[in-house]
1. When the chain is treated as a GNM, springs tying every alpha-carbon pair under 10 Å, which of Ile16, Ile58, Ile43 comes out with the largest mean-square fluctuation?
2. Here are some values of Kirkwood radius over Cα pairs in Å: (1) 20.2; (2) 15.3; (3) 14.8. Which one was computed from this structure?
3. With an 8 Å cut-off on Cα pairs and a minimum separation of 6 or more residues, tell me the relative contact order of the chain in percent.
4. List the pairs from Lys22/Lys62; Lys22/Lys63; Lys63/Lys117; Lys11/Lys61 whose alpha-carbon separation is above 27 Å, in the order I gave them.
5. In square nanometres and to one decimal, what's the mean projected area of the convex hull around the Cα atoms of the range 11-90?
Amino acid sequence: MLLILNLPLVKYWARISLIPYKYLGPGILGICIIGAYSSRNTIFDVWIALGAGILGYIMKKKKWPLAPLVLGFILGPMLEQSLRQSLSMGGVLIFFKRPVTTALILLAVIVLIISLKYLSRAPKEVLEDDESTT
């Protein structure tokens, strides 16, 4: 259905990119706020959306990757539900009952320790250059 509707309208959709940002930005922001409110009809969702937008803006200014923020918002509720189910099945020890899960947890801890050691050994010039480019 979208193909049938969008093919004749492609030239009009492409012309949207010619609209100056000072007009397009507030329109997009308004649509986002309406969409956030209409999902559950609570103002709390609007505040969450605005907070995520501000956090995304700060992350973009600091040149931090935005993908983890998006993945966290999308996968966070599923992760919480799965963690709750796992913990109700056998507590924390359920993660260490099978060798694969134990190996993955051990691998994650090793990678974390190595990256922390690498960060502490990095020359101060490299760390200062990263901060000065922001």
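Values in this text are rule-based calculations from the coordinates and carry no lab data. Please read these numbers as outputs of a predicted model, since none were measured by experiment.
1. Ile16
2. Label (1) holds the value from this structure.
3. 13
4. Lys11/Lys61
5. With the hull built on Cα positions only, its mean projection is 8.2 nm².
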